[in-house]
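Visitor: Right, I'll just put the structure down here and ask away after.
The values are calculated or read from the model by the stated rules, or taken from the named source; none is laboratory data. What you are looking at is a predicted structure, and each value in this text was computed from that prediction instead of being measured. Please note: Cβ atoms are built from the backbone with ideal geometry, for glycine as well, and neighbour counts cover all protein chains shown.
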Amino acid sequence: MEKVIFLKYGELSTKKDNRNFFIKKLNENILSILKDAKIEYDFGRMFIYPSSDNYDEVIEKLQNIFGIHEIVVAYKFPDRDLDSIKKNILTLIKDKEFKTFKVEVKRSDKKYPVDGITLRKDLGAFILKNKENIKVDVNNPEALVNVEIRLNEVLIYMDTIKGLGGYPVGTQGKGLLMLSGGIDSPVAGYLAIKRGIKLEAIYFESPPHTSENALNKVKSLAKILTKYNGELKLHIINFTEIQEEIYKNMPHEYLITIMRRMMYRIGAIIASRRNAKVLINGESIGQVASQTLTSMYVVNEVVRMPVIRPLCCFDKLEIIALSKQIGAYETSILPYEDCCTIFVPDHPVINPELDKAQEYERKIDYEEMIYKAIKNEKVLTIKGEEEEFSDIL
């Protein structure tokens, strides 16, 4: 028997005429991670032959790739004779410990001379006869013995490993994530990646009000996202001048509203230059004063491109659970303030008025400051391997 890893597509199987595009992209993404692996695929399965025998390491990497529904370690052999199938099943289960089991049979080759029901019964009876102290349980078995009869081969497997699902990264184009140092935005980025969006990120720093530690924290969060996204470009915008002008000239209850309108303007320009189709952020409806529906409406007014909020209907406990799941939580709670948390007024407006926001903005020459901030942006390429961050100026 030959050991092989194969993947089940799940949601990709629903794509009909576009399925081949999604599967090809998944193949590219896997090869970018596994490098020397040999991959064969069709519309139903993708088979992976690793360049080494370290299957645990390969599976761990596959578990971080979107577009995979299930990962299976199977045993493949060309002899489709029933006695040969029984012999190979016995070899596979002899060292397995279980009290109850069930046999599942899939006949991809409908011309195979024995029908699926007969095969299932025959193989189940064979296992009962050749392994002691076990019984059949069709509802909740400890062991599930899967047999697939393919055109030129048979697959036998028992264990399946859940994949991340979603779409292969890059199938939906590019988005720009507004990445802060908090809990929410990395989780929003993760969920956007899950739907096939390739991320770049933008971070607003405000030295000396924000520290180098705050920037390093954001770099670390970006690095965590590379596990799912691959290499990620981080655009760093010096927001100090704009933020200080807002603080000096605006009614304080409107500080957050005006600040976010400026961030959205800058984000939209950077996104357009990088051919990103959407802005993405970690807002959740009603979580704070700046995330009421009215606030979102007033802030959104400054941009034409779509703004995606993957967490808009999540509560904080759900967001924290996801943050822990992706390995970002411990970094996100490090006590280094970003520019979204400094200069926060005691009583920010909950339902800002658009005409007032526009009136207050006219007090400052924000267009010139935005141009200057974008002109002086820094771009870091965050890599997922052991290499450190590399500067692109």
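Visitor: Of all residues in the stretch 260-278, which are of a type outside the set (D, E, K, R), within 22 Å of P310 (Cβ to Cβ) and in contact with a helix residue (DSSP H, G or I) (Cβ under 9 Å, 6 or more places away or on another chain)? I'd like the intermediate steps shown before the answer.
Guide: Narrowing the stretch 260-278 to residues of a type outside the set (D, E, K, R): 262-264, 266-272, 275-276, 278.
With within 22 Å of P310 (Cβ to Cβ) added as a condition, the list becomes 263-264, 266-268, 270-272, 275-276, 278.
The answer is M263, Y264, I266, I270, A276, V278.
Visitor: Please pick out the residue among I117, I161 that is among the aliphatic types (A, V, I, L, M) and either surrounded by 12 or more Cβ atoms within 10 Å (Cβ to Cβ) or assigned to a strand (DSSP E or B) (or both).
Guide: Details: I117 fails: either surrounded by 12 or more Cβ atoms within 10 Å (Cβ to Cβ) or assigned to a strand (DSSP E or B) (or both).
Residue meeting the stated conditions: I161.
Visitor: Could I ask something else about it? Just for the stretch 332-342: of the residues that are crowded, with 20+ Cβ neighbours inside 10 Å and either of a type outside the set (G, A, S) or outside the structural domain of F239 (by TED's automatic domain parsing) (or both), which one is farthest from T257 (Cα to Cα)? Working first, answer last.
Guide: Filtering the stretch 332-342 down to residues crowded, with 20+ Cβ neighbours inside 10 Å leaves 332, 338-340.
Cutting the leftovers down to either of a type outside the set (G, A, S) or outside the structural domain of F239 (by TED's automatic domain parsing) (or both) gives us 338-340.
Numbers: D338: 16, C339: 13, C340: 11 Å.
Within the stretch 332-342, the match that is farthest from T257 (Cα to Cα) is D338.
Visitor: I want to confirm something. Restricting to the stretch 171-181 and keeping residues that are buried (at least 20 other Cβ atoms within 10 Å of the Cβ) and touching a residue at least 60 places away in the same chain (Cβ under 8 Å), which single residue is farthest from I266 (Cα to Cα)? Write out each step before concluding.
Guide: From the stretch 171-181, those buried (at least 20 other Cβ atoms within 10 Å of the Cβ) are 171, 175-181; that's our starting set.
Pick out the ones that are also touching a residue at least 60 places away in the same chain (Cβ under 8 Å) and you get 171, 175-178, 180-181.
On the way: T171: 26, G175: 14, L176: 11, L177: 12, M178: 11, S180: 15, G181: 18 Å.
Applying the filter and picking the extreme gives T171.
Visitor: Now a separate question. Mind telling me which of the residues E367, E330, E283, E318 ends up being of a type in the set (D, E, K, R) and in contact (Cβ under 8 Å) with a residue 40 or more places away in the chain? Before you say what the answer is, go through the steps one by one.
Guide: Values: E367 fails: in contact (Cβ under 8 Å) with a residue 40 or more places away in the chain; E330 fails: in contact (Cβ under 8 Å) with a residue 40 or more places away in the chain; E318 fails: in contact (Cβ under 8 Å) with a residue 40 or more places away in the chain.
On inspection, the qualifying residue turns out to be E283.
Visitor: What's the total number of residues in the stretch 192-214 that are within 28 Å of G10 (Cβ to Cβ) and of a type outside the set (A, V, I, L, M, F, W, C)?
Guide: 5
Visitor: Given N88, N54, N27, N64, which one is without any contact (Cβ under 8 Å) to a residue 60 or more places away in the chain, touching a Phe, Trp or Tyr at 6+ places or on another chain (Cβ under 8 Å) and of a type in the set (S, T, N, Q)? Lay out the reasoning, then the answer.
Guide: Values: N88 fails: without any contact (Cβ under 8 Å) to a residue 60 or more places away in the chain; N54 fails: touching a Phe, Trp or Tyr at 6+ places or on another chain (Cβ under 8 Å); N64 fails: without any contact (Cβ under 8 Å) to a residue 60 or more places away in the chain.
The unique qualifying residue is N27.
Visitor: A follow-up question, please. Output yes when any residue across the stretch 17-24 is within 30 Å of V114 (Cα to Cα) and of a type in the set (K, R), and no when none is. Lay out the reasoning, then the answer.
Guide: Kept after step one, since they are within 30 Å of V114 (Cα to Cα), are these residues of the stretch 17-24: none.
No, that holds for no residue.
Visitor: Mind counting the residues in the stretch 89-114 that are farther than 18 Å from N139 by Cα and surrounded by 18 or more Cβ atoms within 10 Å (Cβ to Cβ)?
Guide: 2
Visitor: For residues that are in a loop (DSSP other than H, G, I, E, B) and loosely packed, with under 15 Cβ neighbours inside 10 Å, tally how many sit in the stretch 256-284. Write out each step before concluding.
Guide: Residues of the stretch 256-284 in a loop (DSSP other than H, G, I, E, B): 274-277, 281-284.
When the remaining residues are screened for being loosely packed, with under 15 Cβ neighbours inside 10 Å, the result is 275.
Summing the residues that are in a loop (DSSP other than H, G, I, E, B) and loosely packed, with under 15 Cβ neighbours inside 10 Å in the stretch 256-284 gives 1.
Visitor: Considering E153, E132, E148, which residue is surrounded by fewer than 18 Cβ atoms within 10 Å (Cβ to Cβ) and touching a residue at least 12 places away in the same chain (Cβ under 8 Å)? Write out each step before concluding.
Guide: Details: E132 fails: touching a residue at least 12 places away in the same chain (Cβ under 8 Å); E148 fails: surrounded by fewer than 18 Cβ atoms within 10 Å (Cβ to Cβ).
Result of the check over E153, E132, E148: E153.
Visitor: Given the residues F43, F66, which is the only one that is in a loop (DSSP other than H, G, I, E, B), assigned by TED's automatic domain parsing to the domain that holds K15, modelled with pLDDT under 90 and not charged (D, E, K, R)? Before the answer, list the steps.
Guide: On the way: F66 fails: modelled with pLDDT under 90.
Among F43, F66, only F43 is in a loop (DSSP other than H, G, I, E, B), assigned by TED's automatic domain parsing to the domain that holds K15, modelled with pLDDT under 90 and not charged (D, E, K, R).
Visitor: Select from the stretch 7-52 the residues that are closer than 18 Å to I193 by Cα and of a type in the set (D, E, K, R) and write down the one among them that is surrounded by the most Cβ atoms within 10 Å (Cβ to Cβ).
Guide: Ranking the candidates gives K25 first.
Visitor: Could you count how many residues in the stretch 38-51 are in contact with a strand residue (DSSP E or B) (Cβ under 7 Å, 6 or more places away or on another chain), more than 16 Å from K25 (Cβ to Cβ) and without any contact (Cβ under 8 Å) to a residue 40 or more places away in the chain?
Guide: Going through the stretch 38-51 one residue at a time, the tally reaches 3.
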